[in-house]
Each structure stands twice: as C-alpha cells, then as structure tokens.
Amino acid sequence: MSRVDALLECLGRSLCEKARTSLAGERPFGDVLPDVAKATLDHARRELPTEELRCAIGELAALPPDAYADRLARQVASLTRAHHVPFADALSAYLMAWPAAVRQVLRRPSDPAGQTAPEGMQFYKPDDLLMFLPPRPPRLRPGGDLPGLEDWRLVEARGMGECSEVWVGTSESQAEHSPAALKFATDPATAAQVVARQDLLVKVFDLNDVPGIVPLRSVYLESNPPCLDVGYVHGYDLTGLIHEWRWRYNAAKPEAAARLIRRIAEIVAVAHAKGIVHRDLKPSNVLLHPTDGGKFTVWVTDFGWGQIAAARSMELHRGGTPRGEQQRLALRGAHTPLYASPQLARKEAPDPRDDVHALGVMWYQLLKRDPHVSAPVGSDWADEFRSAGLSDDHARLLSACVTTRADKRPADAAALADAIAKCPAGTPHPARVDDGSRVVRLKSPSTQSGVIPVARGKAAGAVAAVAPAPARGAANLPRLVTNSVGLTFALIQPGTFAMGAPDDEPGRRSHDGPLRDVKISRPFYLSVFPVTQSQYEQVCRANPSHFTAARGGGPDHPVESVRYHDAELFCTALEGLSEEERLGRAYRLPTEAEWEYACRAGTKGPFYTGERMSQKDAHIAGTGPGGKVISPEKTAPVGSYSPNPWGLYDMCGNVQEWTQDWYDEHYYHDAPRCDPQGPDRGKVKTTRGGCWMMTAGDCRSAARRPQGPDNPSNVVGFRVILVVPQSGR
C-alpha cells in the first residue's frame with residue numbers, strides 16, 4: 001500500500017469511528033474534528049513512521065485530481081464494507097476536499113503552489129494534523145450550472161469558513177477576469193447581510209485601483225448563495241509565511257515582521273483615508289504574491305466583506321462555535337475573535353483603530369511564528385524577543401496597538417505605518433547567526449490591478465513533488481516552477497554521480513556500461529511528470545496517443561506514440577506561447593546523463609527504490625508462473641505511484657522517454673565526464689526509463705534503448721527540461 005493510500009485509510013477509518021453523527025448530518029463537524037485528528041494520528045503512527053507521514057502529506061497534495069479520485073473510490077468502497085456506513089456519499093465528499101485543504105496549508109514562500117511537505121514539519125500532537133483537515137464537506141461542488149452564475153465554472157475550493165466558501169472559478173465569456181476567487185455567502189444570515197449592505201460593497205469599488213488591495217469586481221446578489229467575484233492572487237497568505245518561519249527557522253525575525261506590518265498598514269491606510277474600515281484583518285486575508293528575485297508583493301483582500309463576516313463571526317463565537325472549528329481556524333490564521341478589538345466585540349461602530357488592533361495581533365504572531373496565539377498582555381512578553389533584535393520602541397508600539405482602550409492606539413493605519421518607520425530597529429544578540437530571513441524582500445507597490453494570472457490548462461491542478469530536491473544553491477532558485485500550461489518542474493541542482501551499471505548488476509546489458517563518474521555542472525528544471533495527453537493537445541492541438549479515453553487512457557495519461565521530432569516540436573511550440581515567450585523561457589529534452597542523474601536522485605542501486613522494484617513501485621509488468629510476463633496492457637495516469645527521492649514521478653515506469661542523445665552502444669567508453677551531450681550524429685535516438693509492458697530488469701535507472709526518431713510507439717513518451725539561464729547559476 002502506498003503512503004497516500006495508508007494515510008487516506010487512516011483518516012477514512014477515523015471518520016467512520018469518530019464522525020458518524022456528523023457525516024449523517026446530525027452534529028457539526030467542528031464538534032468532532034479534534035477527535036478525528038487524534039484518531040488519525042494514532043492510526044498513522046502505527047502505519048507510517050513520522051517521516052513517512054510527512055512525505056505522505058506532500059504526496060497527497062501532489063496527486064493529480066483524477067488519480068486521487070480513483071484511490072478515493074477504492075478506499076470509500078473498502079471503508080463502507082468494513083464499517084457498515086450508510087453515509088458513503090458524505091464520506092466521499094469530505095475526503096474529496098482533503099487535497100485542496102492540504103495544499104492551502106502548504107502554500108508558503110518556498111512552495112507557493114503548496115505541493116511539497118517541508119522538512120521541518122512534524123506531527124507531534126493532534127493539532128499538528130487538525131489544520132490540514134477540511135472543516136466539513138463543501139456545500140458547493142466543482143463544475144458548473146450555479147443559479148445566477150451560469151458563466152462561471154468552479155475549479156477548486158480554496159477555503160471554507162463559518163460563513164463562506166471560496167472557490168477558484170473560470171469563465172470563457174469573461175476570460176480577462178479568469179481565473180477569479182469566488183466567495184460564496186453560504187451562511188444564511190451572512191447572505192442576508194450581503195444583500196442588505198449593498199451600499200458598503202458599492203463603496204468598496206472605489207478601492208479597485210489601489211495598489212495592494214485585491215479588487216472586488218462584481219457582486220452577484222441573485223445567485224444562490226450570493227457571490228462576490230474577487231481578483232485571484234497567485235501565491236500564499238501570511239499564515240503560510242508564519243508557518244514557514246516556524247518550520248525552517250529557530251528564532252524570531254523582528255525586523256522582517258516590522259517591515260511586513262508597515263507595508264500592510266500602508267495599504268490599509270489608503271482605505272482608511274477613503275472612510276473604509278476593513279474590520280476583519282487577519283493573516284488569511286493578507287496575500288503574498290511571489291515575484292522575481294525572491295521578492296513578493298503584498299495584497300489585502302476582503303474589504304467590505306470583512307465588516308459583514310466579522311460581525312457574523314462574533315455572533316457565532318458568542319453562540320458557541322465548536323472548539324474544534326475555533327482551533328482549526330486559529331491554526332489557519334482565520335479565527336476572527338483573535339484579532340477583534342474589544343470595540344468590535346461590543347458591537348460598536350467601525351473605527352480605523354479596530355484595524356490597528358488586528359495589525360498589532362498579527363505583528364505579535366509574526367514574532368511568535370504562531371498564527372493561533374492571542375494578543376500579548378503587559379510588557380514582559382517582549383523579553384522573549386530581545387536577543388533576536390526586537391527594539392524597545394517597537395515593543396511599546398506593538399503593545400499600544402493591542403491595548404483595550406482605543407484612544408491609546410495609533411489613530412489609524414497611516415499613523416501606525418509612520419510610527420514603525422520612525423522607530424529604530426533593534427540589534428540581534430551577537431551570538432545569533434542570521435539565517436537569511438531577518439529581512440523580507442518586499443517589492444515596490446505596483447499601480448496595476450491586483451488580479452495576478454495563474455497557470456491555465458486542464459492539468460493546472462496536477463502539479464507536484466514531495467521529497468525534497470537537492471539543497472538550494474547560491475542562486476536561491478525556487479524548488480518548483482509551474483508554467484502557463486500546468487507543467488510543473490522540479491529544480492535539479494548540479495552534482496556528480498556514477499552513471500551506468502556495474503558489471504554485476506542483474507539485467508545489465510553491455511551498452512549500459514562501463515560505470516563511470518559524470519559531472520552535471522549546471523542546475524536545470526525537469527518536469528515532475530511525463531507530458532500528459534491534455535498538455536500535449538493544449539500546446540500542439542493534436543493527440544497522437546494510442547491510449548486515449550476510448551482505449552482505457554485519458555487526458556491525465558502520458559502522451560505516447562510521439563516521434564522524437566514531435567517531442568522537439570512540443571518544446572518549440574511551448575516556447576512560442578505568449579506567457580512563456582514573455583518570460584523568456586526555453587525548453588528542450590534532457591540528455592541521457594541529465595535523465596539518469598535525475599532518475600537516480602542520489603541513489604546508487606539498480607533502481608531508485610533500492611535493489612528491487614515491483615508493480616507496487618511503478619507501472620511496469622510483472623511475471624507469473626513459469627516466468628510468463630503479466631502486463632497492465634496500457635498506460636496509467638501520471639503520478640499514480642510514489643515519486644523518487646527528488647519528487648519525480650514515473651521515471652522507471654509507465655512510458656519510456658525520449659532523450660536528445662543519438663544512440664551509440666560504445667559511447668560510454670570515451671564520453672566526456674562533464675555534461676556529456678551524446679554522439680554528434682547517428683541513426684537512432686536513445687530512450688530511457690521503463691514502461692507498462694517491461695519487467696523490472698528493463699526498467700533500471702541505467703537501462704537504455706535505441707529507438708528510431710521517426711518510429712512512434714505506444715510505450716514511448718517524453719518529459720522536458722526548463723532551462724536555467726546562465727545568469728541564474
């Protein structure tokens with residue numbers, strides 16, 4: 001059983017044991033989620049060691065939707081039989097929302113797409129797992145045909161709160177606004193307030209051209225439920241940054257925290273100057289969009305909606321929001337009562353100092369690297385951060401922000417930003433070694449709209465990598481890059497490896513050797529999956545594959561039956577797409593050496609799994625009685641099996657892959673030891689990797705095969721390299 005299947009079984013079993021009444025609709029999920037998290041962690045500790053659990057979370061986030069749906073269907077069928085549950089549909093709906101909830105937590109500076117599990121993430125207590133769980137089955141579903149929103153199609157849930165659900169939506173008729181973040185008022189009382197507060201929402205339209213404020217583009221009052229069309233910002237929220245600071249670093253970052261709060265205050269100050277108070281500022285409403293050079297821009301969302309949602313959240317809190325939901329929201333930086341001023345709690349009129357109070361709480365959470373701590377009390381709290389460089393002036397200012405008396409706080413966000421700018425920064429204790437996160441790299445505010453385009457294409461959600469790639473180099477390149485058609489690339493750092501097979505390796509052929517050390521001198525990005533049929537069709541407007549849906553394949557299966565020149569033309573066409581051309585990206589096929597280096601991922605055995613590989617590890621053929629080959633007889637959806645240690649899928653199975661090298665069986669004897677490019681000429685090309693009809697011996701990391709460049713085959717596909725420019729070394 002794969003790690004993802006084991007983890008899915010653990011949660012499914014826990015839901016059947018602890019959440020039967022909630023799945024049956026008789027009890028709020030928030031009442032039982034802490035028990036579900038504890039039971040899941042208990043089960044997982046028996047099934048998965050701590051490090052395996054971390055990797056399983058990453059693999060879950062990385063699975064393509066269709067691959068996850070297939071696994072889920074099998075698990076739900078098994079759980080339904082084992083636990084005699086009458087609520088299979090509710091169980092399936094809840095579990096279907098799980099990968100999106102996990103990705104939302106994992107979005108952070110080092111992985112804005114949220115498809116890897118950070119090395120510092122640990123699961124010591126149930127709360128560590130609780131924040132990864134959906135709060136309930138979503139009330140809406142992916143797809144279309146929403147009353148009043150016929151032009152929009154829901155793609156993926158991006159957040160579920162007490163009052164709302166946020167979905168990524170696309171629209172063919174409104175392509176210039178697609179994708180969008182569609183916020184639905186799923187709580188009836190909140191929906192009524194959206195209709196009643198039209199004057200507030202109209203006023204917020206005046207903020208649409210303000211740099212740093214996410215625009216409210218449309219309000220659909222006749223849809224069911226009412227919906228707000230908000231600009232979609234690609235990246236992560238402030239909670240993701242807080243989590244990353246906790247996972248990666250062991251000390252507070254006072255200077256970085258102060259700079260962030262100052263920038264947020266500068267954005268909010270523009271709204272205050274126009275007479276608009278946010279009133280629901282919290283980390284989940286502060287979005288960070290990564291740009292070039294490790295910088296990011298800051299965007300504040302939910303103006304207008306914030307006043308409506310905050311009032312309703314406080315009502316629900318007074319009425320007894322379930323403890324589990326309070327804790328989950330707090331861990332996600334979304335629990336409004338943590339940031340609410342006493343004046344908001346007393347239902348007083350909105351005041352800019354309400355936002356100042358919330359900014360003070362967020363400032364403290366940045367220092368603590370913990371999104372669920374409440375406002376500090378007194379002055380002794382600052383002692384914890386003195387050695388990290390917190391100045392007395394900043395400490396006094398933060399305390400003033402969170403004081404209970406509004407007249408003791410800075411008058412508005414502009415006053416707070418000005419006060420931060422005038423305060424001298426503290427000096428870290430000399431014994432502390434700065435780990436590079438002390439100063440965040442904020443990009444200058446843009447005058448453009450806050451609508452940040454994201455990857456388009458059918459495979460935009462099928463992105464991944466789980467295990468960490470080699471350590472970052474001096475270039476500080478991101479580990480994952482997703483392009484405009486949804487191809488995701490993992491960074492492969494330079495290094496030296498033993499290429500080829502030793503003489504005693506089982507299954508070795510003469511052209512697999514001799515074994516020799518080869519140096520890869522430059523970093524490159526390699527696509528995490530083989531190119532899929534949908535991606536190929538999107539770029540080349542054709543699908544040559546044998547295993548289409550009519551023959552048991554489909555859009556998320558690897559493209560095959562492509563000639564070598566078709567693969568080259570794909571790279572050329574990809575470079576010619578407008579977004580790729582604008583970014584100056586170059587694509588090509590990997591060399592044999594690059595392919596094997598990435599496939600081995602630091603391993604030295606015949607397979608990246610060790611000495612053996614079975615049909616549990618890769619989509620390959622097996623052997624039956626008498627040595628008879630038993631083949632799956634077709635390809636599988638990409639990413640159906642666990643990745644190699646560098647997060648690359650299907651390297652030793654599913655389809656063989658074209659490389660750019662001409663084939664020469666004697667080439668290894670006198671090939672260059674640094675960045676070999678293959679022979680200068682030849683008649684056939686070299687393919688690498690195993691396939692669905694080959695047994696393990698032909699799927700070794702060192703195995704190579706000749707293939708005529710004009711001879712397509714339903715066992716041959718390809719993956720591509722995104723070239724790292726020389727200046728990026």
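The values are calculated or read from the model by the stated rules, or taken from the named source; none is laboratory data. For clarity, every value in this text was computed on a predicted model and none was experimentally measured. Here the Cβ positions follow ideal geometry from the backbone for every residue, glycine too, while neighbour counts run over all protein chains shown.
Would it be correct to say that Gly120 is under 18 Å from the mean Cα position of the chain (by Cα), at pLDDT below 90 and farther than 20 Å from Ser14 by Cβ? So Gly120 fits the description; yes.
Residues of the stretch 8-67 that are charged (D, E, K, R) and closer than 30 Å to Leu487 by Cβ: Glu51, Glu52, Arg54, Glu59, Asp66.
When only residues in the stretch 374-393 that are in contact (Cβ under 8 Å) with a residue 24 or more places away in the chain and closer than 28 Å to Glu348 by Cβ count, which is farthest from the chain's Cα centre (by Cα)? Only one residue tops the list, namely Pro376. For the residues Arg81, Arg45, Arg54, the requirement of being within 18 Å of Phe132 (Cβ to Cβ), free of Cβ contacts under 8 Å to residues at least 60 places away in the same chain and either surrounded by 23 or more Cβ atoms within 10 Å (Cβ to Cβ) or of a type in the set (Lys, Arg) (or both) singles out Arg45. Within the stretch 266-306, the residues that satisfy the criterion of being outside any loop (DSSP other than H, G, I, E, B) and over 19 Å from Ala181 (Cβ atoms) are Glu266, Val268, Ala269, Val270, His272, Ala273, Asp292, Gly293, Gly294.
For residues in the stretch 702-714 being touching a strand residue (DSSP E or B) at 6+ places or on another chain (Cβ under 6 Å) and surrounded by 20 or more Cβ atoms within 10 Å (Cβ to Cβ), which is farthest from His511 (Cα to Cα)? Taking the candidates together, the pick is Gln707.
Checking each residue in the stretch 88-129 for being buried (at least 20 other Cβ atoms within 10 Å of the Cβ), assigned to a loop (DSSP other than H, G, I, E, B) and among the charged types (D, E, K, R) picks out only Arg107. Among the residues of the stretch 573-585, are any surrounded by 21 or more Cβ atoms within 10 Å (Cβ to Cβ) and in a helix (DSSP H, G or I)? There is at least one residue in the stretch 573-585 that is surrounded by 21 or more Cβ atoms within 10 Å (Cβ to Cβ) and in a helix (DSSP H, G or I).
Determine, yes or no, whether Met613 is crowded, with 24+ Cβ neighbours inside 10 Å and aliphatic (A, V, I, L, M). Judged against the criteria, Met613 is not a match.
Restricting attention to the stretch 237-293, the residues that are aromatic (Phe, Trp, Tyr) and farther than 22 Å from Ala395 by Cβ add up to 1.
Counting residues in the stretch 529-549 that are free of Cβ contacts under 8 Å to residues at least 24 places away in the same chain, acidic (Asp, Glu) and assigned to a loop (DSSP other than H, G, I, E, B) gives zero. Considering only the stretch 141-155, I want to know if a residue exists there that is within 18 Å of Ala334 (Cβ to Cβ) and either under 19 Å from the mean Cα position of the chain (by Cα) or modelled with pLDDT of 90 or more (or both). No, the stretch 141-155 contains no residue that is within 18 Å of Ala334 (Cβ to Cβ) and either under 19 Å from the mean Cα position of the chain (by Cα) or modelled with pLDDT of 90 or more (or both). The set of residues in the stretch 668-691 that are outside any loop (DSSP other than H, G, I, E, B), within 28 Å of Ile620 (Cβ to Cβ) and touching a residue at least 60 places away in the same chain (Cβ under 8 Å) comprises Tyr668, Lys685, Thr686, Arg688.
Here Phe570 does not fit the description of being surrounded by 21 or more Cβ atoms within 10 Å (Cβ to Cβ), aromatic (Phe, Trp, Tyr) and out of contact with any Phe, Trp or Tyr (no Cβ under 8 Å at 6 or more places or on another chain). Among the residues of this structure, Arg141 does not count as one that is surrounded by fewer than 21 Cβ atoms within 10 Å (Cβ to Cβ) and in a strand (DSSP E or B). Which condition breaks for Trp646 when tested against (1) surrounded by fewer than 16 Cβ atoms within 10 Å (Cβ to Cβ); (2) touching a Gly at 6+ places or on another chain (Cβ under 8 Å)? For Trp646, the exception is condition (1). What is the one condition in (1) among the polar types (S, T, N, Q); (2) surrounded by 19 or more Cβ atoms within 10 Å (Cβ to Cβ); (3) not in a helix (DSSP H, G or I) that Ser374 does not satisfy? Condition not satisfied by Ser374: (2). Checking the structure you have, find out if any residue of the stretch 2-9 is of a type in the set (S, T, N, Q), farther than 13 Å from Leu133 by Cα and not in a helix (DSSP H, G or I). Yes: one or more hits.
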